[in-house]
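Participant: Structure in structure tokens, see below.
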Amino acid sequence: MRVLIADDHDLLRDTLELFLESEGDFETVSVASFYEAEKLVKAGEYFDLVLLDYSMPGMNALDGLYRMSALEGARRVAVISGTASREVAEKVLEAGAAGFVPKTLSAKSLVNAVRFMAMGEQYAPLEFMRGEERAPNPMAERLSRRELEVLEGLTQGKSNKEIARHLEIREPTVKLHVKTLYRKIGAGNRTQAALLAREAGLF
């Protein structure tokens, strides 16, 4: 199965590729914007599934979904998002997308969702669509609120400086939080921390 991942977070793309390709029957291609994804498909590339990040450059909300769905080389198109609401998810599904995939899914659930959609089914996680409360996450419970915010920044591929600016704290403070959360979750570096967070279904 050929899957095109279009998302502007480098670390997220790398993580998704790693998980999908480790399954053995996926071939993945990744790009950082809607324009690049559209260019690939228009150039004659064929994909069983195209995953579009809802808030990446060029997507323009549902406009990107409609445009990609109209291209012959995109057999099925789905939307992935870490910020979209249930209302947006419902619109995505009503528009005929192969599915709506929250970035909070665990790695295993994400792979299953991609396989499900590539096989022709429509996917949306029930608990997200119903707005159900999730059970406490074991990893989240080990971390402080600020450490969780820093970890989320790591999963988005942000530098310490970018995280500090976003959270309006000093860069040395971010470094301290990074060091502490590494110890708490058993990570040795940024990539590993991001992988562990995704496996735990945190972001």
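Participant: Please name all residue pairs, on different chains or six or more residues apart, with Cβ atoms under 6 Å, provided the first residue is in the range 142-169 and is touching a residue at least 60 places away in the same chain (Cβ under 8 Å) and the second residue is outside any helix (DSSP H, G or I) and open to solvent by 70 Å² or more (accessible area, probe 1.4 Å).
Facilitator: Going by the 6 Å Cβ cut-off, there are no qualifying pairs.
Participant: Report, by residue number, each residue of the range 49-63 that is assigned to a strand (DSSP E or B), without any contact (Cβ under 8 Å) to a residue 60 or more places away in the chain and hydrophobic (A, V, I, L, M, F, W, C).
Facilitator: If the condition is that a residue be assigned to a strand (DSSP E or B), without any contact (Cβ under 8 Å) to a residue 60 or more places away in the chain and hydrophobic (A, V, I, L, M, F, W, C), then Val50, Leu52 are the ones that fit.
Participant: Scan the range 183-198 residue by residue and report those that are in contact (Cβ under 8 Å) with a residue 60 or more places away in the chain and within 15 Å of the chain's Cα centre (by Cα).
Facilitator: If the condition is that a residue be in contact (Cβ under 8 Å) with a residue 60 or more places away in the chain and within 15 Å of the chain's Cα centre (by Cα), then Thr191, Ala194, Leu195, Arg198 are the ones that fit.
Participant: Right, next: Considering only residues that are over 26 Å from Leu202 (Cα atoms) and open to solvent by less than 40 Å² (accessible area, probe 1.4 Å), which ones fall in the range 76-108?
Facilitator: Within the range 76-108, Ala95 is the sole residue that qualifies.
Participant: Of all residues in the range 92-108, how many are out of contact with any strand residue (DSSP E or B) (no Cβ under 9 Å at 6 or more places or on another chain) and in a helix (DSSP H, G or I)?
Facilitator: Matching residues across the range 92-108 total 3.
Participant: Just give me the residues in the range 146-189 being open to solvent by 20 Å² or more (accessible area, probe 1.4 Å) and in a loop (DSSP other than H, G, I, E, B), in sequence order.
Facilitator: Passing the criteria: Gln156, Gly157, Lys158, Ser159, Glu168, Ile169, Arg170, Gly186, Gly188, Asn189.
Participant: Looking only at the range 59-75, decide whether some residue is under 15 Å from Ala97 (Cβ atoms), open to solvent by 30 Å² or more (accessible area, probe 1.4 Å) and basic (Lys, Arg).
Facilitator: Yes, because at least one residue in the range 59-75 is under 15 Å from Ala97 (Cβ atoms), open to solvent by 30 Å² or more (accessible area, probe 1.4 Å) and basic (Lys, Arg).
Participant: I'm trying to understand the selection: among the residues of the range 1-28, which are open to solvent by less than 40 Å² (accessible area, probe 1.4 Å) and not aromatic (Phe, Trp, Tyr)?
Facilitator: Listed by number, the residues that qualify are Val3, Leu4, Ile5, Ala6, Asp7, Leu11, Leu12, Arg13, Thr15, Leu16, Leu20, Thr28.
The values are calculated or read from the model by the stated rules, or taken from the named source; none is laboratory data. For clarity, every value in this text was computed on a predicted model and none was experimentally measured. A quick note on method: Cβ atoms are made from the backbone with ideal geometry, for glycine too, and the neighbour counts reach across all protein chains shown. Just so you know, the surface numbers come from the protein's heavy atoms only, side chains and all, with ligands and any DNA or RNA stripped out. Shrake-Rupley method; radii C 1.70, N 1.55, O 1.52, S 1.80 Å.
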